[in-house]
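Below is one structure, written out as structure tokens; the observations come after it.
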Amino acid sequence: EIYQCDWSSDVCSSDLGIRYTFSDKTRLSVSIPLFLGTGGKVWQDPYLINQDRKTTNAKLDAAIGFSIDNIWGSFASIDYVYQDLSIKNDEAGESLKSRLTSTEIEQLRRGNKYHRTSLSLPSVALGNSFYLIGGANYTDTNALGDANSFTAKGFDLTLAYEKNNFEFFAYISAGEKKYRAVNPVFGNKRKGDFSAIAAGISYRQPFNWQNSSLELMVVSESNNSNINFYDVRDELLTTSINYHF
């Protein structure tokens, strides 16, 4: 079975994969991005002050994902994603040469290799078409600079309701990050917690289109660090049309 769906990454939007279903309904999937080399924009030197900052390209050089879904017909799943991200002309910390050594500046390099493993447990039926799904995840990011290398642990919980072709869901996740080395700009080892709240609706076979679905989702994300410079809050509205073939 060949399928096309969303790629879980900040720098790539879709992937192409292959899926095999065993006799016990367990599904094994392998996926790769459709467009390697694409990416987003980041600050060339995020620590630059009193001057206009320039942006540079963050590029996805390699990525692959594996998943085992509906394990032994239980709806449990295990997912693994690998990504290799590079930053073109990364100059993080270059504006602080007057107080940082070349070795300390190297600690700030942001290109990285990213590994993420996720586990979703079988859903629990609450009655009246309500379902509760729990999961956990572990991330290991090895950056070119140890000050940006971290491990993260998190959990998630989803409440879903199905009626006819509609599925309504609410999602929460939370976790913590721990970095490997002291950030030389702030003289402190970075750590923090992250959380997300989302709600959405999925409509299967819109306009009587077979093997398709229409989705709308609202997301609020927060990252709180012991170094205020890295505090982030995002509000997102996403829509997608998915087709499986």
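Odds and ends about this structure:
- Taking first residues from the stretch 146-160 that are more than 30 Å from R110 (Cα to Cα) and partners that are of a type in the set (D, E, K, R), the Cβ contacts under 9 Å between residues at least 6 apart in sequence or on separate chains come to A160/E167.
- Residue satisfying all of: in the stretch 218-245; open to solvent by less than 60 Å² (accessible area, probe 1.4 Å) and more than 29 Å from N148 (Cα to Cα); modelled with the highest pLDDT among these: S240
- Within the stretch 135-160, the set of residues being among the aromatic types (F, W, Y) and either surrounded by fewer than 15 Cβ atoms within 10 Å (Cβ to Cβ) or in contact with a Pro (Cβ under 7 Å, 6 or more places away or on another chain) (or both) comprises Y138, F155.
- Filter result (in a strand (DSSP E or B), over 16 Å from D231 (Cα atoms) and among the small types (G, A, S)) within the stretch 183-215: A198, A199, G200, S202, S212, S213
Conditions tested, residue by residue: (1) more than 30 Å from D24 (Cα to Cα); (2) open to solvent by less than 30 Å² (accessible area, probe 1.4 Å); (3) not hydrophobic (A, V, I, L, M, F, W, C).
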{"position": "A58", "(1), (2), (3)": "yes, yes, no"}
{"position": "S74", "(1), (2), (3)": "no, no, yes"}
{"position": "I78", "(1), (2), (3)": "no, no, no"}
{"position": "Y82", "(1), (2), (3)": "no, no, yes"}
{"position": "K88", "(1), (2), (3)": "yes, no, yes"}
{"position": "G93", "(1), (2), (3)": "yes, yes, yes"}
{"position": "S102", "(1), (2), (3)": "yes, no, yes"}
{"position": "I105", "(1), (2), (3)": "yes, yes, no"}
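- Among residues of the stretch 117-129, those that are touching a residue at least 24 places away in the same chain (Cβ under 8 Å) and open to solvent by less than 80 Å² (accessible area, probe 1.4 Å), counted: 7
- Test: residue in the stretch 166-180 that is under 21 Å from R116 (Cβ atoms) and touching a helix residue (DSSP H, G or I) at 6+ places or on another chain (Cβ under 7 Å): yes
- Flag for Y171 being over 30 Å from S123 (Cβ atoms), of a type in the set (F, W, Y) and buried (at least 16 other Cβ atoms within 10 Å of the Cβ): no
- Among residues of the stretch 11-23 that are within 15 Å of L60 (Cα to Cα) and open to solvent by less than 50 Å² (accessible area, probe 1.4 Å), those with a Cβ under 7 angstrom from a residue that is modelled with pLDDT under 75 and part of a loop (DSSP other than H, G, I, E, B), sequence gap 6+ or separate chain, pair up as V11/T38; C12/F35; C12/T38; S14/W7; S14/L34; D15/W7; D15/L34.
- The single residue among K163, K177, K153 that is under 30 Å from T101 (Cα atoms) and of a type outside the set (S, T, Y) turns out to be K177.
- Checked against the criterion of being of a type outside the set (D, E), in contact (Cβ under 8 Å) with a residue 40 or more places away in the chain, surrounded by 14 or more Cβ atoms within 10 Å (Cβ to Cβ) and over 27 Å from S120 (Cα atoms), the candidates F194, F186 yield just one match: F186.
- Checking R204 against (1) touching a residue at least 24 places away in the same chain (Cβ under 8 Å); (2) open to solvent by less than 80 Å² (accessible area, probe 1.4 Å), the condition it does not meet: (2)
- Residue that is modelled with the highest pLDDT [pool: residues in the stretch 44-79 that are outside any strand (DSSP E or B) and of a type in the set (V, I, T)]: I49
- Residues being open to solvent by 30 Å² or more (accessible area, probe 1.4 Å), within 18 Å of R109 (Cβ to Cβ) and out of contact with any Asp or Glu (no Cβ under 9 Å at 6 or more places or on another chain) - total across the stretch 44-56: 1
The values are calculated or read from the model by the stated rules, or taken from the named source; none is laboratory data. Note that this is a predicted model, so its numbers are computed, not measured. Neighbour counts are summed over all protein chains in view; Cβ atoms, including those assigned to glycine, are modelled from backbone coordinates with ideal geometry. Side chains are part of the model used for accessible areas, which takes the heavy atoms of the whole protein and leaves out ligands, DNA and RNA. Shrake-Rupley method; radii C 1.70, N 1.55, O 1.52, S 1.80 Å.
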